[in-house]
Amino acid sequence: MVRGLIIGLVLAAIAWVGYTQYAASRTQSAQTRPAEAAVEWPSDDPDVLFSAPGVTEPASRAIQVFSELPGTIGKIDVEPGDSIRTGQLLFELVNDSQMAEVTRAEAQVARAKADLAKLESWDRPEDRKMAKAQWDEAKALLQRAEFELRRLESLQSGSAVSDKELNDTRNDVAAARARAEAAQARYERSTAGPRPEEIAVARAAVVEAEAQLNVARTQLEKTRIRSPIDGMVIYRFREPGESVFPNVPAPIISIGNRDTLHIRADVDEMDLSKVRKGQRVFATCDAFGTRRFRGMVVQIAQTLGRKNFRTDRPTEQADTKILEVVIALDDGRDLPLELQMSVWFLRDRTATLPAPGRASAQ
């Protein structure tokens, strides 16, 4: 009797231990199964038509920013994750030579404008008075020389004047006449002003100098690379002090607009008839378990192409063509860029938008 009771207790203990181990194993399996099948579980949803692999990207796509000029990176003003605005300075090349060229061109513009101003204003009143005085003086000297010549010529018949003296006086008259004519020309030019063609040449010189200045400023501005969009800095490829060469393209920074996060999905050609613009979808990935990131198809490519990326799943067909489909997520703030996801396309009855051509109803 006692022996049988002991055997019964032993058997009951063994059964209890086996049951607790079995229950623990089922609990652990239930906890790990969703993580292992986080991508596959929506396939049993009756509202799911099919799935396609995709990768997250900014609404603007990732824009790689290069340098148009060769040189050395002087400074980089942004870091990955920084918000940026259109026109904001991203990085700058060493530009001492370009700045010197701008200074030289500015000096040329100033000189050309000064020459033009001098022509347009011509002589000042006091300059014209001085020219008139010089002409009057030259006329007086000419009159005196002519008077002296006439006096000597009247004495020549009496042999009171030598031939040398008479010739010298005649030369003096010729020189005085030439000086008077030059003084008259200076005065008349002073009062007449510049010739039209001189003004035209001076104005053309100003235009040419200003054009050279614009070229110099453009070259200087090309050393200062600015953002073409509002968005954020995604990645920084280079550092200050590194050289850049346009004939060997290498991005310095990549930027993008993350106001709306997109997923670019590769839809198999066998599923093309099941996709439409405005169709509702949700996306999943292993990192976020069973969480669904909902969105809507906003763009469908018009040409089939090759796969953009591989999922490495055993069922994936490597030789099929795909159609790129872009999905705008309702809320993707938690997702990093270039994250591979599975996109699940839903039937029309689950869409929050009606068929194309009808007003939207969210």
Simple spin-label estimate for GLU242 and THR103 in nanometres, 7 Å along Cα-Cβ: 3.1 nm
Express in nm, to one decimal, how much length is gained between ASP44 and VAL298 on full extension, taking 0.36 nm for each residue of separation and deducting their alpha carbon distance. 88.9 nm
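Ranking ASP348, ASP172 by Cβ neighbours within 10 Å, fewest first, what do you get? Numbers along the way, then the final one.
Details: ASP348 14, ASP172 17.
In increasing order of surrounding Cβ atoms, one gets ASP348, ASP172.
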Name all residues of the stretch 89-118 having a backbone nitrogen under 17 Å from the label point set 7 Å from the Cα of MET130 along its Cα→Cβ direction, giving them as ranges. 118
If the chain between VAL201 and LYS75 were fully stretched, how many nm would it gain, using 0.36 nm times the residue separation less the Cα-Cα distance? 41.0 nm
A correct fewest-to-most ranking of VAL233, VAL281, VAL343 by other Cβ atoms within 10 Å would be VAL233, VAL343, VAL281
Neighbour-count order for LEU166, LEU346, fewest beta carbons within 10 angstrom listed first: LEU166, LEU346
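So how much slack lies between THR218 and GLN143, counting 0.36 nm per residue of separation and subtracting their Cα-Cα distance, in nm?
Values: separation 75, 0.36 × 75 = 27.00 nm, distance 6.38 nm.
Extending this stretch completely gives an extra 20.6 nm.
A short reminder: the numbers here are calculations on the coordinates, not readings from a lab. Predicted, not measured: the structure shown is a model, and the values here were computed from it. We place every Cβ from the backbone using ideal geometry, glycine too, and count neighbours over all the protein chains shown.
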